[in-house]
């Protein structure tokens, strides 16, 4: 006997400041509820959430899970943060995806039974102005 397939639930009532001038909104895609692309650099900023799962998984593991398509990657920076009065984990890596050099910054925070993933991806590397836009958006997150 089998039961119904598990349906994952995403958070819908979170907010953050929209990225500043130079970003365009893209339609949501599988795995990304909010998606933006920097017009001049092509960098992509995404936000996703998953609720009622991973309640006990450590943030240090959750921040690495979305990076599996990179295979082996080089860790450039790892640090702990506080976002919405919760512990968060930030990981900045470089690697390659389908033979293309990329950099990714992942930030993961858990709040009210939901895990939020914020990511910034760029090829070949993340520019400081784009990184600052991303970090400002994450700092303004509320749920």
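Residues in region 54-64 that are at pLDDT below 90 and surrounded by 13 or more Cβ atoms within 10 Å (Cβ to Cβ) were compared, and the one that is nearest to residue 89 (Cα to Cα) is 57. Of the strands (runs of 3 or more DSSP E) lying entirely inside region 23-135, those containing at least 3 residues that are in contact with a strand residue (DSSP E or B) (Cβ under 6 Å, 6 or more places away or on another chain), under 25 Å from residue 13 (Cα atoms) and touching a residue at least 60 places away in the same chain (Cβ under 8 Å) are 44-51, 114-122. The single condition among (1) out of contact with any helix residue (DSSP H, G or I) (no Cβ under 8 Å at 6 or more places or on another chain); (2) buried (at least 17 other Cβ atoms within 10 Å of the Cβ); (3) more than 20 Å from residue 116 (Cβ to Cβ) that residue 72 does not meet is (2).
The values are calculated or read from the model by the stated rules, or taken from the named source; none is laboratory data. Remember, it's a predicted structure, so these values are computed and weren't measured experimentally. When we count neighbours, we look across all protein chains shown, and the Cβ atoms used for this are built from the backbone with ideal geometry, even at glycine.
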